[in-house]
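A.B. asks: There's a structure below that I have some questions on.
Just so you know, all these numbers are worked out from the coordinates, no wet-lab data involved. None of the values given here were measured: they were computed from a predicted structure. With ideal geometry, Cβ positions are generated from the backbone for all residues, glycine too; neighbour counts draw on all protein chains shown.
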Amino acid sequence: MLPKSCGTSWARTTSCSGFVKFDAAIILPECTNSEGITPDMIDPRVAGGLRDLPPSASIPRERMLDCFRKSFASFGFLPIETPHIERMEVLTGKGAGSEEVLRQIFEVNNKGGKLGELALRFDLTVPLARFIAKHVHELGIPFKRYAIGSVFRGESPGKGRFREFTQCDFDTVGTESVVADAETAAVIYDALASAGVPKFTISLNNRKVLDGFLDMIGASDRVGGVLRALDKLAKIGRARVLEELSGAETIDPDPDKPPRVALLSVTQAERLLAFVEGGRGDGDEVLSRAASELGTNPRAAEGLANLREVWRILMSAGVPRASARIDLGLARGLDYYTGVVYETTVDGWERFGSIASGGRYDDLASLFTERRLPGVGASIGLDRLLALLEESGGLGRSSSPAPVLVTQSAGVDAAVSMAIAVRLRRAGIGAEVFPDPIATGKQMAYGSSRGHRFGLIVGPDEAEAQTFRLRDLATRKELKAIAWVNLESSVAEALQFQPTSPS
């Protein structure tokens, strides 16, 4: 076929980075960019902050989600689902989130409806509160739920931060029990440990401790702003937080910008930062020091008493002491937290931020019902966790969920391969059948590239003798002349796998 003529029209350059006018006599191949896209094609890029997930990313993702689901279920949490789209008033009601949260909500263009009527959910906690308020009479309390799904935030993308990402939430609603507070931290530990997450630390605090401290220094009327500034301590550092709290421009002051509004005096801010910086470590030690420092402030005393009991139960629940700590500076930026709060970081990778966080929210359901429905829960940030593990080398090599590739051979009825695969699957062993009877070596190469562990080969001679060969795709060693009658047990032994009894 002759190449397309561009004539005297405007045509893209080969790189498609600009336009060039060509003479009518020149014959040029159809313009493509480096990905083979011509001018009349749609660029297949995804929007910023969003991603495609190929099998290499999806396989470890699904395995981790399976671990989380099993862990949540083992503690008695039940699955629910809520819509991706909620009414705007649900997501922006008083107490649902801070101003910073509300600025990041994605509005939905509701054709035929009103502008600003609908939005994509920001998290799974506010939809839970709506769900509970609507269904509490049929569910009963306490109610323990888990939900796994996408949430959306209109923020600037960064490493481990995306505009669409998956949260794995679990909550206990309808109780103020300290047992539920401690169990939430225990579930975080169990879920992450069962998924093979490397050494991590769960930090705990109680918002009442910070409320009491701010009351002591005369700043109880500025709690929200102070806690939001304090929540940035690990991200922007002490000096920047001190600026934000006190309004003092000490780092690269910009004379063209209006002065910051002071939340605290410099003395108050320094005292607060000294308190939180000295309030991190082993629970027994930190709580003992804090009790003497906070004196008789009733709100702080209430928070410390809760933390002391949560810590005691947590240590009795099998959570290693090295995997938990008290952090009296932990604030959590969301306005709806009222008691214990949690954040979890992977040791040595704190720059990625928290991979699991949450807290107690005793008043959230009041947005939707007059009935008081206190709750406590946490969320595991799957995408940030996977991004961290990928960068740290903790994901390992992805492999096919089906460990056995059953080949096709010329001269052998395709039904033979299909029947063998069916028998393996019924025994609980995943098996993929290659669709075409091409050269065995090419089928083995396919299996190696996809992460299959074994290739099961039935050629004409094997079919006649009712035997098969089993090739280790990593070592290329083969077991030969295995009888079909021993199919399940032989493959299971090679995989060191216990087959399911045939039905």
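A.B. asks: Taking the beta-carbon count within 10 Å as an exposure proxy, list ARG371, ARG222 from fewest neighbours to most.
C.D. replies: Sorted ascending by nearby Cβ count, the order is ARG371, ARG222.
A.B. asks: If you don't mind, there's one more thing I want to ask. Sort GLU488, GLU293 so that the residue with the fewest other Cβ atoms within 10 Å of its own Cβ comes first and the one with the most comes last.
C.D. replies: Going from least to most buried by this count: GLU293, GLU488.
A.B. asks: Label points 7 Å out from Cα along the Cβ direction at ARG289 and ALA262: separation in nm?
C.D. replies: So the two model labels end up 2.8 nm from each other.
A.B. asks: Now a separate question. Which is farthest toward the positive dipole end of the chain among THR344, LEU473, SER399, measuring Cα position about the Cα centre, with Cβ charges +1 (Lys, Arg) and -1 (Asp, Glu)?
C.D. replies: LEU473
A.B. asks: Then there's this: Would you kindly derive the ³J(HN,Hα) couplings of region 151-156 from the backbone phi angles with the Karplus curve 6.51 cos²θ - 1.76 cosθ + 1.60 (θ = phi - 60°), listing them in order in whole Hz, with x for Gly and Pro?
C.D. replies: 10, 9, 9, x, 10, 5
A.B. asks: Quickly rank 470-478, 302-310 as a protection proxy: mean count of other C-beta atoms within 10 Å, highest first. Please list the in-between numbers first.
C.D. replies: On the way: 470-478: 13.8, 302-310: 20.4.
Sorting 470-478, 302-310 by mean packing, highest first, produces 302-310, 470-478.
A.B. asks: Would you give the gap between the C-alpha center of region 267-346 and the C-alpha center of region 405-449, rounded to a whole Å?
C.D. replies: 57
A.B. asks: Sketch the reach of a paramagnetic label on GLU493 as a point 7 Å from Cα along Cα-to-Cβ, and name the residues of region 445-466 whose backbone nitrogen lies under 12 Å away.
C.D. replies: none
A.B. asks: Next up: To the nearest 0.05, what FRET efficiency results for VAL179 and ASP472 with a Förster distance of 56 Å applied to their C-beta separation?
C.D. replies: Working: r = 50 Å, r/R0 = 0.89.
Between VAL179 and ASP472 the formula returns 0.65.
A.B. asks: Please give, to one decimal in nm, the separation of the simple spin-label points placed at ALA445 and SER150, each 7 Å out from Cα toward the Cβ.
C.D. replies: Here the modelled spin labels are 3.6 nm apart.
A.B. asks: Then there is this: Could you give the size of the charge dipole of the chain about its Cα centre, using +1 on the Cβ of each K and R and -1 on the Cβ of each D and E, expressed in debye and rounded to the nearest 20?
C.D. replies: Numbers: 60 positive and 64 negative charges, 109 e Å.
I would put it at about 520 debye.
A.B. asks: Residues with amide H under 5 Å of LEU328's amide H, sequence separation 5 or more or different chain, H placed in the peptide plane at 1.01 Å from N; which?
C.D. replies: Placed amide hydrogens put GLY279, ARG280 under 5 Å from LEU328.
A.B. asks: How much length would be gained if the chain were fully extended between SER194 and ALA465, taking 0.36 nm per residue of separation minus their Cα-Cα distance, in nm to one decimal?
C.D. replies: Gain on extension, SER194 to ALA465, equals 93.1 nm.
A.B. asks: If you take the beta carbon distance between ARG426 and SER220 as r and set R0 to 51 Å, what does 1/(1 + (r/R0)^6) give as a FRET efficiency, to the nearest 0.05?
C.D. replies: 0.20
A.B. asks: Using a simple spin-label model with points 7 Å from Cα along the Cα→Cβ vector, what separation in nm is obtained for ARG103 and ARG280?
C.D. replies: 2.6
A.B. asks: Specify which residue in the list PHE162, ALA180, GLY430 is farthest towards the positive end of the charge dipole of the chain, using unit charges on the beta carbon of Lys, Arg (+1) and Asp, Glu (-1), about the Cα centre.
C.D. replies: It is GLY430.
A.B. asks: Same structure again: Classify region 392-503 as rounded, prolate or oblate from the Cα gyration tensor: take a ≥ b ≥ c as the square roots of its eigenvalues, call it rounded if a/c is under 1.5, otherwise prolate when a/b beats b/c and oblate if not.
C.D. replies: Details: a/c = 1.77, a/b = 1.25, b/c = 1.42.
Oblate, since a/c reaches 1.5 and b/c is not below a/b.
A.B. asks: Let me ask something else about it. Just name one of ILE132, ALA483, PRO298: the one whose Cα is farthest towards the positive end of the charge dipole of the chain (beta-carbon charges, Lys/Arg +1, Asp/Glu -1).
C.D. replies: The residue sitting farthest along the positive end of the dipole is ALA483.
A.B. asks: How much length is gained if the chain between SER399 and VAL46 is pulled fully straight, taking 0.36 nm per residue apart and subtracting their Cα-Cα distance, in nm to one decimal?
C.D. replies: Value of the extension gain: 124.5 nm.
A.B. asks: Separate question: Sorted by packing (mean other beta-carbon atoms within 10 Å per residue), highest first, where do 318-331, 57-70 land?
C.D. replies: 318-331, 57-70
A.B. asks: Relative contact order for the chain using alpha-carbon pairs under 8 Å, separation at least 6, rounded to a whole percent? Write down the numbers at each step before the final one.
C.D. replies: Working: 868 pairs, mean separation 67.2, N = 503.
RCO, the chain: 13 percent.
A.B. asks: Okay, next question. Sort SER379, SER56, SER366 so the one with the fewest other Cβ atoms within 10 Å of its own Cβ comes first.
C.D. replies: Values: SER379 24, SER56 14, SER366 17.
Ordered by Cβ neighbours within 10 Å, fewest first: SER56, SER366, SER379.
A.B. asks: For the chain, what does -39500 (n - 2.57) per DSSP helix run (n ≥ 4), summed and divided by total residues, give at 222 nm, in deg cm²/dmol to the nearest 500? Before the final figure, lay out each step's value.
C.D. replies: Values: 17 runs with 186 residues, N = 503.
Calculated from helices alone, the mean residue ellipticity at 222 nm is -11000 deg cm²/dmol.
A.B. asks: Could you calculate the FRET efficiency of ASP347 with ALA414 from 1/(1 + (r/R0)^6), where r is the beta carbon distance between them and R0 is 35 Å, rounded to 0.05?
C.D. replies: 0.10
A.B. asks: Only one of the listed values, (1) 45; (2) 58; (3) 38, was derived from the coordinates as percent of Cα pairs over 32 Å apart; which label is it?
C.D. replies: Computing percent of Cα pairs over 32 Å apart and matching it to (1) 45; (2) 58; (3) 38 gives (2).
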